[in-house]
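A quick write-up on the structure given underneath.
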Amino acid sequence: MTTSTSSTGDVPAIEFKDVVKRFGDNVVLDKLNFSVAQGDRVTLIGPSGSGKTTILRLLMTLEEANGGLILIDGDPYTHEYKGQKWVEIPEKRRRVVRNRVGMVFQQFNLFPNMTVIENIIEAPIHVLGKSKAEAVARGEELLEQVGMSEKRDFKTNQLSGGQQQRVAIARALAMDPEILLLDEVTSALDPEIVADVLGVLREIAETTDITMLLVTHEMQFAREVSNRVLMFDQGQIVEEADPETMFTNPTHARTKEFLKAVLG
Amino acid sequence: MNDESIWSWETAWDVLPALLRGLVVTIEATVVGMVIASILGLLIALAMRAPTRWVRGPLRFIVDFIRMTPLLVQLVFVYLLSPPEIPALVIGFVVLGIHYATYMSEVYRAGIEAVPQGQWEAATALNLPKARTWRAIILPQAIRNTLPGLGNYAVSMFKETPFLFAISVVEMYTEAQSYGANTFSYIEPLTMVGLLFLIVSYPTSLLVRRMEIRLA
Amino acid sequence: MSDDLQLLIDSLPDLGNGVLVTLQMTLGGALLAMVVALVLGFGARTPSLWVRAPSRVVIEFFRGTSLVVQIFWLFYVLPQFGFKMEALAVAIVALGLNYGAYAAEVVRGSIESVPTGQWEAATALNLGWLHKVRRVVFPQAWALMIPQLANLLIQLLKGSALAFYITLHDVYWWTDELQRDTRDTFFSFGCGLIVYFVIAYILTWGMNWLEERAKRRLGRGTRPRLRDVFGLKPGVPSEIARMKGGTA
């Protein structure tokens, strides 16, 4: 089920087709269309409330769309059109696709009732069906990678924010996702810690071919890591460019305004 | 089941006046019990703030003892010890009141502790005497904090008044029980008495919940 | 007084049986209550109205109709419908349903107090619903529940004294027998109340110990002081346990 990303060729990793999302009367996404190619690193920028985080949450099935299709590797994920009708996909099928997607949260959301290593091996054992030895070996490897090896058996509440976030990254990677969603992963951290976490992410970006979709306020980081930037405003993409162009030479008025406000 | 039918509306109708009479006693017991509990509970809460542990320690023990042993056994205990001149209903009031006073003292304690430290400091800054500070500043705020607790305990006590059957106070449950014993039909009286409890306690507890939300 | 003591010593085997019956009711009732609480507590927070509404009705029904009425209803009325239960079973069922309804509110409140981020992280790891509840949410909610469940357990123990009136030979029955034998109300009931107090105290220790353990598992582990384990937390009746459910 988790085929290597390069072999799936030109099917986009993520595709949104006419996706609509409303919260009550508030239309957050209005028939949004966009796609992300395999191995792409896409940063979503835009003012708060523009729908960036909603996109990640839809991709993680934390929110339900009100219309349209979301495809992962061409497979319908949450809904599909049967005949003329828009129907929900049963949880069983959804779970198969969901395995390809991982997420790191702004608030880390580690499980406080488990140790660091238990957090990491829980899903690989119980969802992917790995043996415990295998899961632990991979978990230790990932802890090494994020520089958290010596905290292996700590309770999560004993860790600082930055440490928790590094564990959360390892936990997401332990599921071998094809797509990694990063939702403002440094926003809850003290400024001096941010660089550590970004360093970890940069390394992952350089050493793997995971498709990444990130929402961040760290423009410098977005510039280094991503190969595409999408500027959102009011649930629509107003501008799309490579980072160099986007940050040095934006065309749309809203983008200019936004970047001026963030970059100063 | 044969034709003499499980439920008789006639019996139900017949027992209703007795149950309503009992309901009056039940409500009476709840009201008087809660008045005693409210006053005594406050006194306990204040005594618990006494500076010497020679007061606090024994009081703590008595309160815990009352709180952690069955109301039912306490009722019978006091009933058997009291001189026969004292009506059972009065014993019921007092024991219910004391038992719930131990609960209420915790509500007051929490209520007093919830008054912000700044209030005490402001009172000191104004050089108010201690008694005045308590009466005019701390208690009014603390008691406001305790209102939902008071309401909840009233509902709880209402549902515990049937324990009074053990000391032969004729409240709602006892009425049902004695009707059943006399006529050998328990179904109607016991079912109706349960429903009457529900009819009174459910709306009351909704009311208390609304009060909680408003005061929160 | 020395006669009293002699009679007390003679009645010790009966006391043993009485304590056993009281404990059977208390622990049996608590076990049933926990099952009821989990079913109704989760039922009361499902999105589906078809599950939620009946759960709420059952909760309000068993909370609202008074334990005394329930236990006697089960004892006197239910057999007329053809269901005859042993007295011990009647007591356990009545206590379990009544306190289960209260505990359901505690369960619901505690589950709701677990941050939504925990559910979301579990979804992101693709855990199934039961797995999320069992391994992630419940262990965290459990730590919040225990103090309130401890209260309910004491209330349940106290309520079990009713069983005397449906022919069970529990601690209260023993007290009553002792009173008949000694004709000394103060002595006999004093002994009876002390027995209840000791049982309540031991149960409270047990629950305090469980609470400390649950907290340690969440890494909020201050090593428990003796006072934490052996101290009595203020016991409050069921109505208040619900009140604190949402916020504690």
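The values are calculated or read from the model by the stated rules, or taken from the named source; none is laboratory data. Treat the numbers as computed from the prediction; the structure is a model and nothing was measured. Please note: Cβ atoms are built from the backbone with ideal geometry, for glycine as well, and neighbour counts cover all protein chains shown.
Residues checked against (1) more than 12 Å from the chain's Cα centre (by Cα); (2) assigned to a loop (DSSP other than H, G, I, E, B); (3) not hydrophobic (A, V, I, L, M, F, W, C):
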residue: A:E15; (1), (2), (3): yes, no, yes
residue: A:V20; (1), (2), (3): yes, no, no
residue: A:L29; (1), (2), (3): yes, no, no
residue: A:V42; (1), (2), (3): no, no, no
residue: A:G49; (1), (2), (3): yes, yes, yes
residue: A:T53; (1), (2), (3): no, no, yes
residue: A:L56; (1), (2), (3): no, no, no
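What is the number of the single condition among (1) among the charged types (D, E, K, R); (2) in contact (Cβ under 8 Å) with a residue 60 or more places away in the chain; (3) more than 12 Å from chain C (Cβ to nearest Cβ) that A:D75 does not meet?
Going through the list (1) among the charged types (D, E, K, R); (2) in contact (Cβ under 8 Å) with a residue 60 or more places away in the chain; (3) more than 12 Å from chain C (Cβ to nearest Cβ), A:D75 breaks only (2).
Let me confirm something: among C:V58, C:V93, which residue is part of a helix (DSSP H, G or I) and modelled with pLDDT of 95 or more?
Answer to the check: C:V93.
Residue-by-condition table, conditions (1) in contact (Cβ under 8 Å) with a residue 40 or more places away in the chain; (2) out of contact with any Ser or Thr (no Cβ under 6 Å at 6 or more places or on another chain); (3) within 18 Å of B:L16 (Cβ to Cβ); (4) at the interface with chain C (Cβ under 7 Å from one of its Cβ atoms):
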site: B:F158; (1), (2), (3), (4): yes, no, no, no
site: B:T161; (1), (2), (3), (4): yes, no, no, no
site: B:L164; (1), (2), (3), (4): yes, yes, no, no
site: B:Y179; (1), (2), (3), (4): yes, yes, yes, no
site: B:I187; (1), (2), (3), (4): yes, yes, yes, yes
site: B:I199; (1), (2), (3), (4): no, yes, yes, no
site: B:T204; (1), (2), (3), (4): yes, yes, no, no
site: B:L207; (1), (2), (3), (4): yes, yes, no, no
site: B:I213; (1), (2), (3), (4): no, yes, no, no
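Out of the residues in segment A:131-165 that are touching a Gly at 6+ places or on another chain (Cβ under 6 Å) and of a type in the set (S, T, N, Q), state the one that is surrounded by the fewest Cβ atoms within 10 Å (Cβ to Cβ). Break it down into steps so the answer makes sense when it comes.
Taking segment A:131-165 and keeping what is touching a Gly at 6+ places or on another chain (Cβ under 6 Å), we get A:155, A:157-158.
Okay, now just the ones that are also of a type in the set (S, T, N, Q), so A:157-158.
Numbers: A:N157: 13, A:Q158: 15.
Going through the qualifying residues, I end up with A:N157.
Just to be sure, is C:V107 of a type outside the set (D, E, K, R) and either touching a Lys or Arg at 6+ places or on another chain (Cβ under 6 Å) or in contact (Cβ under 8 Å) with a residue 12 or more places away in the chain (or both)?
yes
Out of (1) over 30 Å from C:I166 (Cβ atoms); (2) in a helix (DSSP H, G or I); (3) free of Cβ contacts under 8 Å to residues at least 24 places away in the same chain, what's the single condition that is false for B:G151?
(3)
From the list C:R56, C:R52, C:R45, exactly one residue is in contact (Cβ under 8 Å) with a residue 12 or more places away in the chain, charged (D, E, K, R) and over 23 Å from B:S156 (Cβ atoms). Which is it?
C:R45
Within segment A:117-131, does at least one residue satisfy the condition of being of a type in the set (K, R) and in a helix (DSSP H, G or I)? Outline the logic, then answer.
Of the residues in segment A:117-131, the ones of a type in the set (K, R) are A:130.
Next cut, in a helix (DSSP H, G or I) only: none.
No, there is no match, as no residue in segment A:117-131 is of a type in the set (K, R) and in a helix (DSSP H, G or I).
Looking only at residues in segment C:196-220 that are within 12 Å of chain A (Cβ to nearest Cβ) and small (G, A, S), which one is surrounded by the most Cβ atoms within 10 Å (Cβ to Cβ)?
Filtering segment C:196-220 for residues that are within 12 Å of chain A (Cβ to nearest Cβ) and small (G, A, S), the one surrounded by the most Cβ atoms within 10 Å (Cβ to Cβ) comes out as C:A214.
Does any residue in segment C:130-145 that is within 13 Å of C:W119 (Cα to Cα) come within less than 8 Å, Cβ to Cβ, of a residue that is of a type in the set (D, E, K, R) six or more places away or on a different chain, and which pairs are these?
That search, which allows pairs on different chains as well, returns C:R135/A:E122; C:P139/C:R217.
Take segment A:72-118 and flag every residue that is closer than 26 Å to A:D10 by Cα and among the β-branched types (V, I, T).
Of everything in segment A:72-118, those that are closer than 26 Å to A:D10 by Cα and among the β-branched types (V, I, T) turn out to be A:I72, A:T78, A:I89, A:V96, A:V97, A:V101.
Of the conditions (1) closer than 24 Å to B:P203 by Cβ; (2) at pLDDT 90 or above, C:T22 satisfies every one except a single condition; which number is it?
(1)
Quickly run through segment A:99-109 and pick out the residues that are surrounded by 22 or more Cβ atoms within 10 Å (Cβ to Cβ), facing chain C (nearest Cβ under 9 Å) and over 16 Å from C:V136 (Cβ atoms).
A:V101, A:G102, A:V104
Being touching a His at 6+ places or on another chain (Cβ under 7 Å) and not β-branched (V, I, T), is that true of even one residue in segment C:24-31?
There is no residue in segment C:24-31 that is touching a His at 6+ places or on another chain (Cβ under 7 Å) and not β-branched (V, I, T).
Do we have C:Q179 as more than 14 Å from chain A (Cβ to nearest Cβ) and surrounded by fewer than 24 Cβ atoms within 10 Å (Cβ to Cβ) here?
Yes, satisfied.
Of everything in segment A:166-216 that's polar (S, T, N, Q) and either closer than 30 Å to A:D10 by Cα or modelled with pLDDT of 95 or more (or both), which residue is surrounded by the most Cβ atoms within 10 Å (Cβ to Cβ)?
By that ranking, first place goes to A:T211.
Being among the hydroxyl-bearing types (S, T, Y) and under 13 Å from the mean Cα position of the chain (by Cα) is the filter here; which residues of segment A:187-225 pass it?
A:T211, A:T216
Show me the helices (runs of 4 or more DSSP H) found entirely inside segment B:16-134 where at least 1 residues are within 11 Å of chain C (Cβ to nearest Cβ) and either touching a strand residue (DSSP E or B) at 6+ places or on another chain (Cβ under 6 Å) or surrounded by 18 or more Cβ atoms within 10 Å (Cβ to Cβ) (or both).
Ranges flagged: B:53-67, B:71-81, B:88-113.
Test each condition in (1) within 12 Å of another protein chain (Cβ to nearest Cβ); (2) modelled with pLDDT under 90; (3) in a helix (DSSP H, G or I) for C:L7 and report the one that comes out false.
C:L7 satisfies all of (1) within 12 Å of another protein chain (Cβ to nearest Cβ); (2) modelled with pLDDT under 90; (3) in a helix (DSSP H, G or I) except (1).
Which one of these does A:N33 not meet: (1) at pLDDT 90 or above; (2) of a type outside the set (G, A, S); (3) more than 28 Å from C:V114 (Cα to Cα); (4) touching a helix residue (DSSP H, G or I) at 6+ places or on another chain (Cβ under 7 Å)?
All conditions pass for A:N33, except number (4).
Answer yes or no: is there a residue in segment C:66-78 that is free of Cβ contacts under 8 Å to residues at least 12 places away in the same chain, under 19 Å from the mean Cα position of the chain (by Cα), surrounded by 16 or more Cβ atoms within 10 Å (Cβ to Cβ) and under 26 Å from B:F197 (Cα atoms).
Taking every residue of segment C:66-78 in turn, at least one turns out to be free of Cβ contacts under 8 Å to residues at least 12 places away in the same chain, under 19 Å from the mean Cα position of the chain (by Cα), surrounded by 16 or more Cβ atoms within 10 Å (Cβ to Cβ) and under 26 Å from B:F197 (Cα atoms).
What's the number of the condition B:S156 fails, among (1) over 20 Å from B:Y103 (Cα atoms); (2) part of a helix (DSSP H, G or I); (3) not charged (D, E, K, R)?
It fails just one condition, (1).
Which residues, taken from segment C:55-82, are β-branched (V, I, T), touching a helix residue (DSSP H, G or I) at 6+ places or on another chain (Cβ under 7 Å) and more than 8 Å from chain B (Cβ to nearest Cβ)? Let's see the steps before the verdict.
Start the filter on segment C:55-82 by keeping residues that are β-branched (V, I, T), which leaves C:57-59, C:65, C:68-69, C:71, C:77.
Add one more test, that the residue is touching a helix residue (DSSP H, G or I) at 6+ places or on another chain (Cβ under 7 Å), and what stays is C:58-59, C:65, C:68-69, C:71, C:77.
Once the filter is applied, which keeps residues that are β-branched (V, I, T), touching a helix residue (DSSP H, G or I) at 6+ places or on another chain (Cβ under 7 Å) and more than 8 Å from chain B (Cβ to nearest Cβ), segment C:55-82 yields C:V58, C:I59, C:I71.
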